[in-house]
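The values are calculated or read from the model by the stated rules, or taken from the named source; none is laboratory data. Note that the structure is a prediction, hence the values are computed from the model and not measured. FYI the Cβ positions are ideal-geometry reconstructions off the backbone, even for glycines, and counts take in every protein chain you see.
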Amino acid sequence: MGLEKLIHWQDVTIFEKMMKALFDAATTGFTLSIGLTGALCFWLGFMKVGEAGGAIRYLTRLVSPLFSKIFPEVPKDHPAIGSMMMNISANMLGLDNSATPMGLKAMKELQTLNPNPDIATNAQIMFLVLNASGLTIIPVSILAARAAAGSSSPSEVFLPILISTFFATLAALIYVGIKQRINLFNKTILLYVGSLTIGIISLIIYLNYHPEMVGIVSSVGSNVTLFTIITGFILLAIRAKVNIYENFIEGAKEGFGVAIGIIPYLVGMLCAIAVFRECGAMEVLTDGLRNLLILIGVVHTEFVEAMPVAFMKPFSGSGARSLMMETFNTNGVKTVDTFVSKLAATFQGSTETTFYVLAVYFGSVKVTNTRYAALGGIIADIVGVITAILVSYLFYELK
């Protein structure tokens, strides 16, 4: 694209612009990574307090009856049940570092029930697709990134992400449940899934008819919920006689390590994205998609600017994060609170790194035939993206 602009459009400054974009992106990547440190230390510190206080154990007990119905082939007293619940619970609380080892352990325990070691079992597929659907209660890294980028309300994306990930997970459950002939109308499943679905749909309908309440629900509701969770973690830790300060410091150290560790990845991806954008390739991609949508009758196409995040997320979490952060700081201008930036953050939280998860988890137990697991993850991603777009138009002001 750069050569085309130079030769055909006589743009003699194109490579100068591309080099400047490279250096600016490198500086931005480093600055954003350092800015993440405080927020990550805070959140991972409190997550550690919650983990030590038994938050995951309580969440595990809460979902145990549901698990016994959607994993019928796994004996109730099998150790895989506990590992799966710990993994999904940790993911829901944003404990990515703790979730992965638990997930790998769960896969190995499920593999002990596998009569054909090369072929994925129903339980492994259900576990992986639910894992890849990315249901998240607290999107720690996204809230931290928005805070570091100077957002006036970092938690504004909390509810839209929760709604998007819920429907992505619901789609994954329905798809795999149908494939495995699980009775999704079982009263236990209906009680858990139905009550959550009714609650979220009711919220969306209420906000649709009372648009003046969107800002209040999004801002106040998100912050009150997060503050309640933090308070609950502290109370659980006090009840369990956990040393809150020491656990907070231990978690905060992990946050510092995460922030420093992503610097080379963030710098590298931001540099690549900057060149891709400056040479005109990003514009060609987004304009082509926008024109196609207009051609088929879509009126509101503002979301197209954030779609690169959605395209990247199933393949690379760090790549999608970099694209999200790139929308927060376009051409040196802070744009973190614009519609596109909020939608990019919602995309980042509404789907999971599907192909990475499938490769790592199935690879750990040497399963080569994954059957329909990948399709289940892709369906969850598509539903998550569509829901994110619809919910964003409801929650976020266009600007």
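Some values worked out for this structure:
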quantity	calculated
Of all residues making up the range 204-223, the number that are in a helix (DSSP H, G or I), at pLDDT below 80 and surrounded by 11 or more Cβ atoms within 10 Å (Cβ to Cβ)	13
Any hit, the range 88-103, residues being in contact (Cβ under 8 Å) with a residue 60 or more places away in the chain and over 26 Å from residue 37 (Cβ atoms)	yes
Lone qualifier among 83, 155, 151 - being within 30 Å of residue 216 (Cα to Cα) and assigned to a helix (DSSP H, G or I)	155
Residues that are under 16 Å from residue 140 (Cα atoms), of a type in the set (A, V, I, L, M) and either touching a strand residue (DSSP E or B) at 6+ places or on another chain (Cβ under 8 Å) or modelled with pLDDT of 75 or more (or both), drawn from the range 225-253	229, 230, 252
Some residue of the range 54-68 being crowded, with 21+ Cβ neighbours inside 10 Å, in a helix (DSSP H, G or I) and modelled with pLDDT under 75	yes
Condition met for residue 150 (out of contact with any Cys (no Cβ under 6 Å at 6 or more places or on another chain), within 22 Å of residue 57 (Cα to Cα) and small (Gly, Ala, Ser))	no
Qualifying residue in the range 359-381 (condition: among the polar types (S, T, N, Q) and within 22 Å of residue 309 (Cα to Cα))	no
Members of the range 317-364 found to be under 17 Å from the mean Cα position of the chain (by Cα), polar (S, T, N, Q) and within 30 Å of residue 116 (Cα to Cα), listed by number	353, 354
Selection count where residues are among the β-branched types (Val, Ile, Thr) and within 12 Å of residue 337 (Cα to Cα), scope the range 146-162	1
Residue selected from the range 158-195 under the condition of a type in the set (Ser, Thr, Tyr) and under 26 Å from residue 227 (Cα atoms), by the criterion surrounded by the fewest Cβ atoms within 10 Å (Cβ to Cβ)	195
Segments classed as helices (runs of 4 or more DSSP H), wholly inside the range 323-399, with at least 3 members that are surrounded by fewer than 24 Cβ atoms within 10 Å (Cβ to Cβ), of a type in the set (Phe, Trp, Tyr) and out of contact with any Asp or Glu (no Cβ under 6 Å at 6 or more places or on another chain)	354-364
Residue within the range 187-199 that is at pLDDT below 80 and out of contact with any helix residue (DSSP H, G or I) (no Cβ under 8 Å at 6 or more places or on another chain) present	no
Of all residues making up the range 25-49, the number that are within 22 Å of the chain's Cα centre (by Cα), buried (at least 20 other Cβ atoms within 10 Å of the Cβ) and either closer than 28 Å to residue 271 by Cα or at pLDDT below 80 (or both)	11
